[in-house]
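Enquirer: Below: one structure in structure tokens.
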Amino acid sequence: MIDSKNFRCALHYELGRSFSLSILRLNIPRFSVVALVCGILGLLLNDSNADAAPEICEGLSLLQHRGQDACGIITCGPGGRFYQCKANGMIRDIFDANSISRLIGGMGVGHVRYPTAGSFNNAEAQPFYVNSPYGIVFAHNGNLINTSSLMEFMDQIAHRHINTASDSELLLNIFAYNLQQTGKFRINEEDIFTSIGGMMSQVKGAYACVAMLAGFGIIAFRDPNGIRPVGWGVRATASGKDYIVASESVVADAGGFTEWNDVNPGEAIIITRNGVSRRQIAAPATFAPDIFEYVYFARPDSVLDGISVYRSRMAMGDALADNVKKVLEEVNITIDVVIPVPDTSRVAALNLAQRLNLPYREGFVKNRYVGRTFIMPGQQMRKKNVRRKLNAMALEFANKNVLIVDDSIVRGTTSKEIVQMAKDVGAKKVIVASCAPPIRYPNVYGIDMPSRKELVAHGRDEEHIAEAIGADLVIFQTLPDLIESVRQLNPAIGSFDCSVFSGEYVTGGVDEAYLQHLESLRADNIRGKALNLDLNALDNKDVNGSSRGNSTGANTPVNGSDTVGLHNSWNTN
């Protein structure tokens, strides 16, 4: 056990000698960081003299809703040299004209990260990089569930060093190890497909990935169950074809890319300036995309696995309307107005109101400069920002029975504040309708709600959930109705990952011991908890305690010294 007082003294001493702070060097016990729901992007331009970075930056801004904690871009320029800029913060904070101008090359990979348990510094921002073999850049969306055995493999067999606690870096190194087993001076596409196949046989969980091989091309692949989304598109130019890989189709639409194709479950694609090679790598498994993508995460203007997110939310509103009508008749309550919680529930709320022939009003005005409260780290921060984010208009609530429609109820923090806001401005009764069923189980495939005790529906029936959030009544979508709302738009998909509602995990391998381990990594408990030390604050101050002047608040040394492998152009003059 390390004495915390002595540790603090030693840390200040090391900072005073201008040594870079590294949690690994100080021998603090390693803990795992899950990658979580993120946004990934890869771009290859046919013109090798053009720079891909500006367009990657624009594309990442369209994926900002998938991650607001950290972001990064790595490009590949002449001679296969990589150029990097990544840090904690949002796209608008990290990428300016100066940092983008330093990202040279006609192909690159970008990433936006959702808050993660234990993510202290910019070394855990993605994309990740390894120089051996051949030079690989890697971005990952999802979460592995067998990291312990994989870490043993890395240590005892592969002998590869994992420099962060991220399972994304672990996944990259497994891919790199398999690629290195070819022993070749130069590899070909067959070698890459074989290496991905070996990796897929080793890892379990959810993963949608994009990689870049120095001087070679872009690689994308998806787990055998297709839990997390990724696809690719093509854009014709005067000199040839440009290619894009992204988490959502909206990026391709905005960039003028067409022929959008989803990467199939267990499939890998290799994109070079000579064209695209596709191969089914993994053995057939249950195709089960995460249904929560359609409920909440994805943009409504995206199409995932052939399903329009917008149309699926319309169908959710129609199905929810039928259940709302039945419940309200049973309790003899009349609704005066339907009001959505902006923005994700608007589509469903409008369809619900039309189906029930009720007035639809915008009762909450949203401050668009506050991030998504669901993915904010810390319960107190989420609670504090709800009222900063939303303001209730009294004219739409006063002396009315209000039906508030939300996409889902997770922790109940936002719902409780919203209900209270409605009552504060004069609502007579507040009924909350959720487009999703009660969330009672942890998500192990990358959504940051693993702790059962944080879920307001865990161990509660609907009456007690209503009591917990202060509502007069709560009405949930049924799970069969939710599944049908999404599935009807692509009947070829036989099932979805609905584990947060049902507790059934499509990959298997999830038992009580694993769930308890995952809960112990909750960001609320782990962030800054190592020896009761706020590393974020210390790492951003000099030895006298004064701020280093980082205007964005991102935790980044001026010289990018905590960046692994590559010089970091962020915050460099």
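The values are calculated or read from the model by the stated rules, or taken from the named source; none is laboratory data. Treat the numbers as computed from the prediction; the structure is a model and nothing was measured. Note that we place each Cβ from the backbone using ideal geometry, even for glycine, and neighbour counts take in every protein chain shown. For the accessible areas, the whole protein counts, side chains as well, though only heavy atoms, and no ligand, DNA or RNA atoms are used. Shrake-Rupley method; radii C 1.70, N 1.55, O 1.52, S 1.80 Å.
Enquirer: Would you give the gap between the C-alpha center of the range 251-285 and the C-alpha center of the range 39-88, rounded to a whole Å?
Expert: The range 251-285 and the range 39-88 have Cα centres separated by 18 Å.
Enquirer: Give the separation of the Cα centroids, the range 120-152 to the range 175-193, in Å.
Expert: 18
Enquirer: What accessible area per residue, rounded to a whole number of Å², is obtained for the range 38-285 using a probe radius of 1.4 Å?
Expert: 31
Enquirer: Return the FRET efficiency for the residue pair ASP318, ARG452: r is the Cβ-Cβ distance, R0 is 25 Å, and the value is rounded to the nearest 0.05. Could the numbers behind the result be given before it?
Expert: Numbers: r = 31 Å, r/R0 = 1.25.
Here the calculated transfer efficiency is 0.20.
Enquirer: Work out, step by step, the length gained on full extension between ALA254 and LEU479: first 0.36 nm times the residue separation, then minus their alpha carbon distance; give nm to one decimal.
Expert: Full extension of this stretch gives 77.7 nm more.
Enquirer: Are any of the pairs LYS184/LYS241; LYS326/LYS423; LYS241/LYS389; LYS366/LYS429 more than 32 Å apart by Cα-Cα distance, and if so, which?
Expert: Distance filter (> 32 Å) returns LYS241/LYS389.
Enquirer: Give me the compactness ratio for the range 186-315, meaning the Cα radius of gyration over 2.2 N^0.38 Å.
Expert: Scaled against compact globular proteins, the figure is 1.08.
Enquirer: In nm, to one decimal, how far is the modelled label at ASP191 from the one at ASP155, with both set 7 Å along Cα→Cβ?
Expert: Label at ASP191, label at ASP155, 3.1 nm between them.
Enquirer: Shape of the range 38-285 from its Cα gyration tensor (a ≥ b ≥ c, root eigenvalues): rounded if a/c is under 1.5, otherwise prolate when a/b > b/c, or oblate?
Expert: Here the range 38-285 falls in the rounded category.
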